[in-house]
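Contents: one structure, followed by commentary.
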């Protein structure tokens with residue numbers, strides 16, 4: 001902890017020393033907006049002051065400097081400016097002004113560049129020389145170029161001068177610690193854009209933060225109307241801002257849920273809805289920024305190759321009228337069906353599509369739907385051999401044939417038709433009102449599903465016990 005405190009004290013002392021050097025220098029600028037020191041690269045190089053002046057169209061500003069001898073004595077002043085056209089000559093500073101017999105010399109209306117003053121005390125001809133750099137920060141955001149379309153929104157910030165000029169020309173000084181060549185140092189310019197923040201006035205608009213002058217919002221484009229602003233905080237503490245007008249959210253976003261009917265109630269089918277044919281579904285739109293929605297159920301790929309229609313079912317409506325749709329169950333025979341939901345914003349011509357796949361299972365009779373014993377004795381309990389809960393257990397069967405044989409192989413009963421309306425076998429032989437005797441019988445069921453497939457054998461064959469109990 002003591003070591004950390006010592007390090008912190010050294011850092012504070014170094015900072016105060018820099019500020020002291022700037023504020024008490026014999027060449028300074030009391031009206032500058034920012035002051036710092038150069039970063040000449042030679043070891044133990046004497047650093048010079050850098051003064052930055054903020055200028056704008058509303059409040060234009062040039063540089064100004066004040067110089068005096070260290071003890072304030074009457075002196076003669078010779079002013080020089082760094083010749084950027086010839087930076088690597090023996091003496092790149094060119095004289096441009098003088099002032100004699102005064103204690104202080106002031107220059108105003110200065111352009112950006114390096115300045116040097118030679119101050120000779122009149123009383124003893126002792127000379128002091130000071131150098132500094134003047135920079136004018138008159139950068140403005142002139143415009144934001146906008147490309148707002150169905151797939152993305154791009155905002156491209158334009159500056160005066162250009163970004164390149166700001167980074168490599170505007171805030172450059174030459175390293176006077178290096179001779180005879182004075183390399184350029186442009187760190188202040190390259191750091192100009194290190195702190196950039198984009199913001200949308202509508203909190204519903206979200207995007208990945210960008211720390212550059214260019215903002216791209218895509219996948220998806222903005223769904224809501226909003227203004228956008230950029231904020232540049234430069235190394236000198238100056239803040240540049242620019243705000244667009246309200247930009248229309250052009251793109252819609254398609255989103256929907258699929259519900260399947262289970263035991264008479266709607267159940268959320270998630271991202272992979274499934275069920276037995278004929279599958280009852282409810283499609284519910286959750287689309288954003290759309291005024292018209294469309295539904296399409298495309299055919300199973302194999303069924304389409306075998307001559308089926310490319311589109312099994314479709315629907316369209318205004319979003320304000322309703323948001324749900326109910327595909328025709330009889331169309332949903334076994335297969336895998338792409339369900340397309342298309343959201344459209346008519347005013348912009350933009351659309352978006354979301355697709356889920358519904359798996360419709362092969363038609364089956366559930367194993368527990370077929371009983372193995374019944375007692376046709378007229379007591380009103382279990383008097384018929386029939387399928388249990390046909391609405392639930394055989395919902396996917398369209399028609400069926402049932403054959404019942406005695407233990408000796410004699411056909412005693414048959415039925416062909418809709419299994420949901422079949423009343424069952426009452427235990428009489430071939431409908432002639434003669435009771436079949438107690439014993440073991442054998443049944444065969446041929447089920448035809450909504451996909452027109454016939455199922456034989458397996459769980460559709462079995463033994464049945466007739467027990468009258470009288």
> Within the range 174-213, can you find the residues that are more than 30 Å from residue 227 (Cα to Cα) and in a loop (DSSP other than H, G, I, E, B)?
Replying inline: 175, 176, 177, 178, 179, 180, 181, 182, 183, 186
> Could you say which residue among 265, 251, 277 is over 30 Å from residue 217 (Cα atoms) and at pLDDT 90 or above?
Replying inline: 265
>> Of everything in the range 63-93, what is over 22 Å from residue 51 (Cα atoms) and surrounded by 20 or more Cβ atoms within 10 Å (Cβ to Cβ)? Give them in sequence order.
In response: 75
> Which residues, taken from the range 424-462, are at pLDDT 90 or above and part of a loop (DSSP other than H, G, I, E, B)?
Replying inline: 424, 426, 427, 436, 437, 438
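The values are calculated or read from the model by the stated rules, or taken from the named source; none is laboratory data. Only a predicted model underlies this, so the values are computations on that prediction, with no experimental measurement involved. Here Cβ is always computed from backbone atoms with ideal geometry, including for glycine, and neighbour counts include all displayed protein chains.
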